[in-house]
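First the structure, in the form of structure tokens, and then the observations on it.
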Amino acid sequence: MRSVKTLDELQKLRLSLKGTVGLVPTMGFLHEGHLSLIRRAREECDQVVVSIFVNPTQFGKNEDLSKYPRDIDRDLKLIEPLTDLVWMPTAEVMYPKGYQTWVEVEAITSPLEGAMRPGHFKGVTTVVAKLFNGVQPHKAYFGQKDAQQAAVIRQMVRDLNFPLEIVVCPIVREPDGLAMSSRNVYLDLDQRKAATVLFRSLNAAKEAYENGERNAERIRGKMNEVLAGEPLADAQYVSCADYDTLEELDVIKGKALLSMAVFIGKTRLIDNFVLG
Ligand code: AMP
């Protein structure tokens, strides 16, 4: 595995990569969720490139940029057997002095995460566009864990004619159902137990759906009911939306996305299920 920081180094090495290239963008502090993306890329592509970059422009003022967990040595050991090239740009490489160009996707960034985290997706789409331009992959791998992010990136790729395929991989969970996340390290023991409430709440809604419930408000009600039963949980939003547009539904007809953001103490967790 070769590792590079600057754009010059990346571009030189990129020229030497033969065959199809798969890119897995990450912010590091890697876990099995990230590794599942890298393994999938390994299966499908001749060359696997992983980027590790805690992108400052996708964090809000009051978010956890400065304390976002980092462990580069551990990350490199984990990906070494699966990866050909790792790109670890600095903030100066990505956003040099005088930087002034941004990529913004419109309607699909408005609800859910976009509503709670103003500016978040502008940072995401901009950095991902830069990663795509730097690495020039044939395929790029994203997790369903960040369902709206995957939808936004797909939209950007369509709209801006990026010549690559987006592959979205299933959510990897802990044995008790908690979706793996770098942010799970923030949880203390009691909070870690309480954090299963997201999975339990999604399951309750899914069960209602499987028993024939199609009223979206009642589905949201089911999720809220379970969340309300966990004293350490404070729900920020609970959604039952159209899978494609992410607009809130009245009645579930086709594919729907159940999603939520929940504070457990100061830690903000997200999770989702797809119905239909
Ligand atoms: P992050 O480092 O949090 O930016 O995540 C990098 C990529 O890994 C994103 O495409 C995430 O959606 C994906 N990812 C994070 N956690 C999981 C998980 N538990 N299962 C599947 N993919 C994940």
- line: When every residue in segment 171-188 that is near the ligand (Cβ under 7 Å from one of its atoms) and part of a loop (DSSP other than H, G, I, E, B) is compared, the one farthest from Ala204 (Cα to Cα) is Ser181
- request: Check segment 19-38 and report whether any residue there is farther than 23 Å from Asp146 by Cα, more than 15 Å from the ligand (Cβ to nearest atom) and out of contact with any helix residue (DSSP H, G or I) (no Cβ under 8 Å at 6 or more places or on another chain).
  value: yes
task: Scan segment 151-170 for residues that are within 14 Å of the chain's Cα centre (by Cα) and more than 9 Å from the ligand (Cβ to nearest atom) and jot them down.
output: Ala151, Val152, Arg154, Ile166, Val167
field: Restricting segment 53-78 to residues that are out of contact with any Pro (no Cβ under 8 Å at 6 or more places or on another chain) and among the hydrophobic types (A, V, I, L, M, F, W, C), the residue that is farthest from Ser181 (Cα to Cα)
entry: Leu76
- prompt: Just to be sure, is Val48 surrounded by 14 or more Cβ atoms within 10 Å (Cβ to Cβ) and either at pLDDT below 95 or within 16 Å of the ligand (Cβ to nearest atom) (or both)?
  reply: yes
Conditions (1) surrounded by 13 or more Cβ atoms within 10 Å (Cβ to Cβ); (2) out of contact with any Gly (no Cβ under 9 Å at 6 or more places or on another chain); (3) of a type outside the set (Lys, Arg); (4) within 25 Å of Ser3 (Cβ to Cβ); number of the one not met by Glu92: (1)
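Scan segment 132-152 for residues that are farther than 16 Å from Ile270 by Cβ and in contact with a Phe, Trp or Tyr (Cβ under 8 Å, 6 or more places away or on another chain) and jot them down.
Of everything in segment 132-152, those that are farther than 16 Å from Ile270 by Cβ and in contact with a Phe, Trp or Tyr (Cβ under 8 Å, 6 or more places away or on another chain) turn out to be Phe132, Gly134, Val135, Ala140.
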field: Single unsatisfied condition, Gln148 versus (1) more than 16 Å from the ligand (Cβ to nearest atom); (2) not in a loop (DSSP other than H, G, I, E, B)
entry: (1)
query: Only one residue in Asn133, Asn161 is outside any helix (DSSP H, G or I), without any contact (Cβ under 8 Å) to a residue 24 or more places away in the chain and open to solvent by 40 Å² or more (accessible area, probe 1.4 Å), so which one is that?
result: Asn161
task: Could you run through segment 246-273 and say how many residues are open to solvent by 60 Å² or more (accessible area, probe 1.4 Å) and either touching a residue at least 60 places away in the same chain (Cβ under 8 Å) or in a loop (DSSP other than H, G, I, E, B) (or both)?
output: 6
query: In segment 136-145, which residues are surrounded by 20 or more Cβ atoms within 10 Å (Cβ to Cβ) and more than 10 Å from the ligand (Cβ to nearest atom)?
result: Pro137
- request: Sort out which residues of segment 5-25 are open to solvent by less than 10 Å² (accessible area, probe 1.4 Å) and farther than 12 Å from Gln47 by Cα, and write them in order of number.
  value: Leu10
field: Matching residues in segment 54-63 - criterion: being touching a residue at least 24 places away in the same chain (Cβ under 8 Å), open to solvent by 20 Å² or more (accessible area, probe 1.4 Å) and of a type outside the set (Val, Ile, Thr)
entry: Pro56, Gln58, Phe59, Gly60, Glu63
- prompt: Wholly within segment 1-101, which strands (runs of 3 or more DSSP E) include no fewer than the required count, namely at least 2 residues that are closer than 17 Å to Ala140 by Cα?
  reply: 21-26, 47-52, 85-87
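The values are calculated or read from the model by the stated rules, or taken from the named source; none is laboratory data. All values derive from a computational prediction rather than experimental measurement. Methodologically, a virtual Cβ is constructed for each residue, glycine included, from the backbone with ideal geometry; neighbour enumeration extends over all protein chains shown. In case anyone asks, the SASA skips ligands and DNA or RNA and just uses the protein heavy atoms, side chains included. Shrake-Rupley method; radii C 1.70, N 1.55, O 1.52, S 1.80 Å.
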